[in-house]
Amino acid sequence: MRLATGSVVLAVSALVAITLFGQGGFRLLRLLLAFPAYAGLLSILEGAMSFCVFHASRGTYDLFERIAVPWGRSETRRPVESEEWRRKDHRKARLVKLEALVGAVFFGVLLWAF
C-alpha cells in the first residue's frame, strides 16, 4: 500500500509540474513540489523496507496492522522492549527520512531546471 501511495504521489507531482508550469515561468514554484515528493519518497522507502518511521519514532511496532494507519487503535501494537533496538530503529528512521529528503531535493531541482 505504501509503495503504491508513494508512486502515485510522485507521479501526480511530476504531472502537476509538467501541466501547470510547463516550460515557461513559475520555475521557483516548482521547488514547492519537493514537499509532496518527500512524502511520496518516504512512503516508497517505508514500503520497500517494510519499516514504519512513525512507529520507530514512538518506540513501537505492529506486525499485523490492518489498515496501515499507525496512529489509530490497534490491538496488535507492541512496544519495542530493548533500548538498543529502539536506538537502532530511531537511527534507521533518521536515515530513511534523510534519504527521502535528498531524493525530494533532487526531484525539486530537476523540476526547477527543466
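General observations
- If only residues of the range 42-51 that are more than 9 Å from LEU3 (Cα to Cα) and modelled with pLDDT of 90 or more are counted, the one that is surrounded by the fewest Cβ atoms within 10 Å (Cβ to Cβ) is MET49.
- Scanning the range 59-97 for residues that are acidic (Asp, Glu), modelled with pLDDT of 90 or more and over 24 Å from LEU3 (Cβ atoms) turns up GLU81, GLU83, GLU84.
- Only listed residue being out of contact with any Phe, Trp or Tyr (no Cβ under 8 Å at 6 or more places or on another chain), among the small types (Gly, Ala, Ser), in a helix (DSSP H, G or I) and at pLDDT 90 or above, chosen from ALA100, ALA104, ALA56, ALA17: ALA56
- Enumeration of residues in the range 78-97 that are more than 18 Å from the chain's Cα centre (by Cα), in a helix (DSSP H, G or I) and within 23 Å of ALA48 (Cα to Cα): TRP85, ARG86, ARG87, LYS88
- Hits in the range 15-30 - residues which are among the aliphatic types (A, V, I, L, M) and loosely packed, with under 15 Cβ neighbours inside 10 Å: LEU15, ILE18, LEU20, LEU28, LEU29
The values are calculated or read from the model by the stated rules, or taken from the named source; none is laboratory data. Keep in mind that this is a model prediction, so the values were computed, not measured. Cβ coordinates were reconstructed from backbone atoms using ideal geometry, including for glycine residues, and neighbour counts include every protein chain displayed.
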